[in-house]
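Presented below is the structure to which this report refers.
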Amino acid sequence: MKEPGTIRGAIRWAACVALLGLASLATTPLAAAPLDNAAVRTVRSSLGDGVVVALSEEGMFLEAVPQKGEGLYAFTRRLCGEEKWASRIMEANGGAKELSAGVRYRVPFDLLSNDWQLRAVRTLFPADKGQADGWRHEARGVGPLQREGIWQLALWFTGTGENFRAIREYNEFLEDDVPRGAVVVIPSELLRPAFRTALPVPETPYHLDYVKDATGEYAVYRLRPGEALYSSVVVRFTGRVYGNDVNAFAAELARLNGIPDVTDIAVGHRIRIPFGELLPEFLPAGHPKRLEYEASVRASAQFSNQVKAKGLEGITIILDAGHGGQDSGATMSGVWESTHVYDIALRTKRILEEQTAAEVVLTTREGSAWRIQDSDVLPFSRGHAVLTSPPYPIADAKVGVNLRWYLANSVFRRATAGNGDPQKVVFLSIHADSLHPSLRGAMAYLPAAELVAGSFGKAGAVYTSRKEVQERPNVSFSRGERVESEGLSRELAKQIIASFSGMDLLVHPFKPVRDKIVRNNGTWVPAVLRYNSVPAKILLEVCNLANEQDRKLVQTRAWRQKVAEAIVQGLRAYYGQDTGAPGQQVAKTTR
Ligand SMILES: [Zn+2]
């Protein structure tokens with residue numbers, strides 16, 4: 001029998017100690033333990049079928065005997081999952097050219113398939129298990145000191161020694177190695193696939209603890225590997241997304257939590273967030289504000305779209321491109337929101353008209369016809385008008401917005417005149433955000449029922465000269481209408497966002513469907529939704545113009561076309577039809 005691990009292994013262990021620079025170890029006399037003891041310190045456990053897992057100061061590896069008639073490639077496939085590691089296996093066994101029957105060969109842990117990696121660890125460390133936040137490892141101690149180096153653990157469980165620092169911080173260890181019996185949690189983000197897929201699915205995506213002291217009540221969040229204060233705490237838990245808001249509150253949290261440098265916070269650092277700043281869903285279960293929020297979501301969830309429409313037959317879709325005319329919307333590095341969202345609206349209109357039976361109404365137009373520019377970078381334009389009677393060439397942003405909802409309400413009245421079903425009309429306003437530059441992707445706003453109460457109407461010649469305003473100058477909604485609208489709109493928003501995800505278009509990482517805008521310490525519903533009579537209505541932010549990568553994308557035809565396709569796909573899903581004849585072309589692009 002070949003015994004590949006004896007002498008070479010011992011030399012590697014010595015090299016390993018030197019390489020890892022285990023300072024604490026090197027200063028103890030035991031570090032100079034005789035090299036020829038190495039073989040004795042190898043622990044072996046059988047995995048059955050002639051496969052043995054071994055643990056020594058060198059690390060972890062399998063030893064396996066080729067099965068009857070099994071050549072090198074079949075052997076490699078069995079243990080590594082892929083043949084491409086055959087030469088690495090031979091290298092690990094002294095450079096042999098082929099396998100001999102009855103000989104035990106060594107397979108380094110790194111090369112093993114996910115399955116074997118998991119079996120090896122579970123056999124050697126029977127107390128190990130997956131838990132919600134990561135892999136819980138109980139050290140059994142290796143070598144004369146009966147300790148395990150965190151660098152070594154990082155190699156085993158994450159594949160990269162450099163992760164040792166994050167592991168040490170997460171576990172709040174002060175030393176670079178741990179004694180027998182110590183428990184080490186390797187955070188889920190860092191784990192190799194073999195261990196990550198073995199974790200239980202957590203009940204809640206983020207774990208918060210709650211504390212109370214003389215200064216107030218707080219949620220406590222432990223920062224995970226790769227997370228930053230502004231995005232992973234401020235954006236996620238408080239709902240802030242605008243640059244100034246995010247930065248100001250991140251600074252406030254840093255002060256509250258005694259963090260001198262927000263760019264250098266230890267993994268696992270406990271961040272306290274005052275209750276008053278939390279989104280209601282992150283308050284403790286049973287907190288009055290959380291109960292109130294859950295009750296309102298439940299109330300609106302009773303309403304869901306009952307209309308199924310094949311090919312969107314009989315459906316009226318009101319498409320509203322945000323801004324336009326003198327109102328360019330968000331402008332970042334020469335990219336205007338108005339011209340780009342108008343292009344997306346036109347592309348959406350074209351797909352709907354070519355592939356569905358829906359009636360499409362646009363609220364604005366540039367010039368005398370809807371013309372799609374066949375170019376990536378769009379020319380600046382201030383020629384948009386709201387299509388009221390008479391049209392309003394957009395001079396004032398606020399008037400432009402108000403006339404849109406007056407127009408939408410007029411279209412809605414016409415579409416539902418007689419016995420028309422209100423659920424057969426949807427309103428979709430297309431925008432692009434200007435948020436904290438770290439954020440990317442799409443986000444959809446719907447009207448929170450609690451924020452759209454009251455009665456509203458505009459006075460002044462610019463309004464009263466328009467037929468749509470004369471028809472119905474004032475709007476107000478009953479509580480029932482508001483709750484129903486919230487429910488239908490949330491369903492529509494979820495379908496559109498799901499369609500974006502399904503087509504590999506980025507969506508906002510935290511809460512892509514929102515029932516209000518959070519900005520400057522206030523909350524509100526955008527006016528174009530606030531006074532809009534169409535029950536199912538959303539404002540869709542297709543991307544964040546303040547993010548450089550999103551800004552690059554929006555300046556390509558291909559991306560704008562894909563967004564238009566995703567919108568159409570989402571509308572079809574909302575009307576109960578995500579496959580079917582006219583949708584074939586749309587569906588194809590999702591693959
Ligand atoms: Zn906008």
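The values are calculated or read from the model by the stated rules, or taken from the named source; none is laboratory data. Quick caveat: nothing in here was measured; it's all calculated off a predicted structure. Cβ: placed from backbone, ideal geometry, glycine included. Neighbour counts: every protein chain shown. We work out accessible area using only protein heavy atoms, side chains counted, and drop any ligands, DNA or RNA first. Shrake-Rupley method; radii C 1.70, N 1.55, O 1.52, S 1.80 Å.
Right, residue 399: closer than 29 Å to residue 498 by Cα and more than 32 Å from the chain's Cα centre (by Cα) or not?
no
In region 511-543, which residues are away from the ligand (no atom under 14 Å from the Cβ), closer than 20 Å to residue 405 by Cβ and under 21 Å from the mean Cα position of the chain (by Cα)?
Result: 514, 515, 516.
From 36, 49, grab the single residue that is at pLDDT 50 or above and among the acidic types (Asp, Glu).
49
I'd like to verify a number: residues in region 85-126 that are farther than 30 Å from residue 186 by Cβ and open to solvent by 80 Å² or more (accessible area, probe 1.4 Å), how many?
So the answer is 3.
In region 161-187, what count of residues is obtained for those that are over 17 Å from residue 122 (Cα atoms) and either in a helix (DSSP H, G or I) or in contact (Cβ under 8 Å) with a residue 24 or more places away in the chain (or both)?
Going through region 161-187 one residue at a time, the tally reaches 18.
How many of the residues in region 340-369 are part of a loop (DSSP other than H, G, I, E, B), within 18 Å of residue 428 (Cα to Cα) and more than 16 Å from the ligand (Cβ to nearest atom)?
3
Would you check if residue 468 is more than 27 Å from residue 292 (Cβ to Cβ) and of a type in the set (Asp, Glu)?
So residue 468 fits the description; yes.
Answer yes if at least one residue in region 558-573 is surrounded by 18 or more Cβ atoms within 10 Å (Cβ to Cβ) and in a loop (DSSP other than H, G, I, E, B), and no otherwise.
No, because not a single residue in region 558-573 is surrounded by 18 or more Cβ atoms within 10 Å (Cβ to Cβ) and in a loop (DSSP other than H, G, I, E, B).
Which numbered condition in (1) within 17 Å of residue 440 (Cβ to Cβ); (2) in contact with a helix residue (DSSP H, G or I) (Cβ under 8 Å, 6 or more places away or on another chain) is the only one that residue 552 fails?
Of (1) within 17 Å of residue 440 (Cβ to Cβ); (2) in contact with a helix residue (DSSP H, G or I) (Cβ under 8 Å, 6 or more places away or on another chain), only one is false for residue 552: (2).
Taking residue 239 as the residue in question, decide whether it is away from the ligand (no atom under 16 Å from the Cβ), surrounded by 18 or more Cβ atoms within 10 Å (Cβ to Cβ), at pLDDT below 95 and under 25 Å from residue 442 (Cβ atoms).
Considered against the rule, which asks whether it is away from the ligand (no atom under 16 Å from the Cβ), surrounded by 18 or more Cβ atoms within 10 Å (Cβ to Cβ), at pLDDT below 95 and under 25 Å from residue 442 (Cβ atoms), residue 239 comes out as yes.
Among the candidates 475, 534, 518, 469, which residue alone is touching a Phe, Trp or Tyr at 6+ places or on another chain (Cβ under 9 Å) and at pLDDT below 95?
518
Taking the condition of being assigned to a helix (DSSP H, G or I) and within 18 Å of residue 194 (Cβ to Cβ), how many residues in region 73-83 meet it?
Residues flagged as assigned to a helix (DSSP H, G or I) and within 18 Å of residue 194 (Cβ to Cβ) within region 73-83 amount to 5.
Does region 471-487 contain at least one residue that is within 16 Å of the ligand (Cβ to nearest atom) and either part of a strand (DSSP E or B) or small (Gly, Ala, Ser) (or both)?
Scanning region 471-487 turns up no residue that is within 16 Å of the ligand (Cβ to nearest atom) and either part of a strand (DSSP E or B) or small (Gly, Ala, Ser) (or both).
Just checking, how many residues over region 300-339 are over 27 Å from the mean Cα position of the chain (by Cα), more than 16 Å from the ligand (Cβ to nearest atom) and assigned to a helix (DSSP H, G or I)?
So the answer is 3.
Which of the following residues is under 27 Å from residue 412 (Cα atoms), among the hydrophobic types (A, V, I, L, M, F, W, C) and either touching a Lys or Arg at 6+ places or on another chain (Cβ under 9 Å) or open to solvent by 40 Å² or more (accessible area, probe 1.4 Å) (or both): 477, 510?
One residue alone meets the criteria, 477.
For region 278-296, give me each residue that is surrounded by fewer than 18 Cβ atoms within 10 Å (Cβ to Cβ) and without any contact (Cβ under 8 Å) to a residue 40 or more places away in the chain.
280, 281, 285, 286, 287, 288, 289, 290, 291, 292, 294, 295
Could you tell me which residue of region 404-433 is nearest to the ligand (Cβ to nearest atom), considering only residues that are open to solvent by less than 10 Å² (accessible area, probe 1.4 Å), among the aromatic types (Phe, Trp, Tyr) and part of a helix (DSSP H, G or I)?
Top of the filtered list is 405.
Can you tell me which residues in region 134-151 are surrounded by fewer than 18 Cβ atoms within 10 Å (Cβ to Cβ) and either under 30 Å from the mean Cα position of the chain (by Cα) or not acidic (Asp, Glu) (or both)?
Answer for region 134-151, where residues must be surrounded by fewer than 18 Cβ atoms within 10 Å (Cβ to Cβ) and either under 30 Å from the mean Cα position of the chain (by Cα) or not acidic (Asp, Glu) (or both): 136, 140, 141, 144, 146.
In contact with a Ser or Thr (Cβ under 6 Å, 6 or more places away or on another chain) and among the aliphatic types (A, V, I, L, M): does that describe residue 462?
Against the criterion (in contact with a Ser or Thr (Cβ under 6 Å, 6 or more places away or on another chain) and among the aliphatic types (A, V, I, L, M)), residue 462 does not qualify.
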